[in-house]
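Working notes for the structure below.
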Amino acid sequence: MEKYERIGRELVHKGAIIDYYQDTVRIPNGKVAKWDYIRHKGAAAVVAVRDDGKLLMVRQYRNALDRETLEIPAGGLNSVEEPTDEAAARELEEEAGYRAGRLELLLSIRTTVAFCDEKIDIYVATDLQKSSQHLDDDEFLDVEVYDIEDLIRMVYDCEIQDGKTVAALLAYYNKYKK
């Protein structure tokens, strides 16, 4: 493959969650192209497994879709230096109201590689101890409990469409339940 060369990057907008840039790139045919680039500080997510084998899920409103979604607990890193296992543990307690006795990395995903560098490390949390939720002021969600088989059916019935949740559920099922 021939070389690509970034020759410029301009910050268009600095946001609370993402920063939006316009990159200028010399492409292999020698021409110059303008490409959008989104910088994201990263995130962590958790497949939270109770002692009875059921999974904790969160239902919340998502503005981009203008509807509620069913997802695994997850959230952004407080900084790019924050260890993702610490962020995963924090998000599990904040969103679901549980602490994990054990966290194991399941997989890492890049959500939208065409224009964004977001990376989400997804953990399996076990040995859960009940705690209490610590939701942000603008965060309203419900914790629900499901069997993995029901969640897998919901993935294939297109009821669960969130990418991190789909990847996490399928990976968990294939690694631990098949």
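Here, each number is a calculation from the coordinates, and none is a lab measurement. As the structure is a computational prediction, the values presented were derived from the model and not from experiment. Here the Cβ is made from the backbone with ideal geometry for all residues, glycine too, and neighbour counts use every protein chain on show.
Taking a straight Cα-Cα cut-off under 17 Å and skipping sequence neighbours fewer than 8 places away in the same chain, the lysines within cross-link reach of residue 14 are 41. Under 5 Å between amide hydrogens, built in the peptide plane, is the criterion, and for residue 116 it picks out 38 among residues at least 5 positions away or on other chains. The Cα center of segment 37-99 and the Cα center of segment 132-153 differ in position by 9 Å. Dipole magnitude for the chain: computed about the Cα centre from +1 point charges on Lys and Arg Cβ and -1 point charges on Asp and Glu Cβ, it is near 900 debye. Given the choices (i) 29, 21, 19; (ii) 27, 18, 17; (iii) 34, 18, 16, semi-axes √(5λ) of the Cα gyration tensor in Å derived from the coordinates of this structure is entry (iii).
If you take every residue apart from residue 142 with its C-beta less than 13 Å away from the C-beta of residue 142, what net charge results, scoring Lys and Arg +1 and Asp and Glu -1?
Working: positive: 59; negative: 68, 71, 95, 139, 144.
Combined, the nearby Lys, Arg, Asp and Glu give -4.
Applying a 10 Å radius around every beta-carbon, put 126-139, 28-41 in order of their mean neighbour count, most first. Please report the intermediate quantities before stating the final value.
On the way: 126-139: 11.4, 28-41: 12.9.
Descending mean neighbour count gives 28-41, 126-139.
Rounded to whole numbers, the Karplus 3J(HN,Hα) couplings from phi for segment 131-140 are 9, 8, 5, 9, 6, 5, 4, 9, 10, 9 Hz, using 6.51 cos²θ - 1.76 cosθ + 1.60 with θ = phi - 60°, and x at Gly and Pro. Between the residues 174, 113, 156, the greatest Cα displacement towards the positive end of the dipole of the chain, with unit charges on the Cβ of Lys, Arg, Asp and Glu, is found for 113. Straight-distance candidates among the aspartates and glutamates for linking to residue 31, with alpha-carbon spacing under 18 Å and chain neighbours fewer than 8 residues away dropped: 2, 5, 23. For residue 54, a cut-off of 27 angstrom between C-alpha atoms picks up these lysines, skipping any fewer than 8 places away in its own chain: 119, 130, 164, 175, 177, 178. Full extension of the chain between residue 26 and residue 5 yields a length gain of 7.1 nm, computed as 0.36 nm times the residue separation minus the alpha carbon distance.
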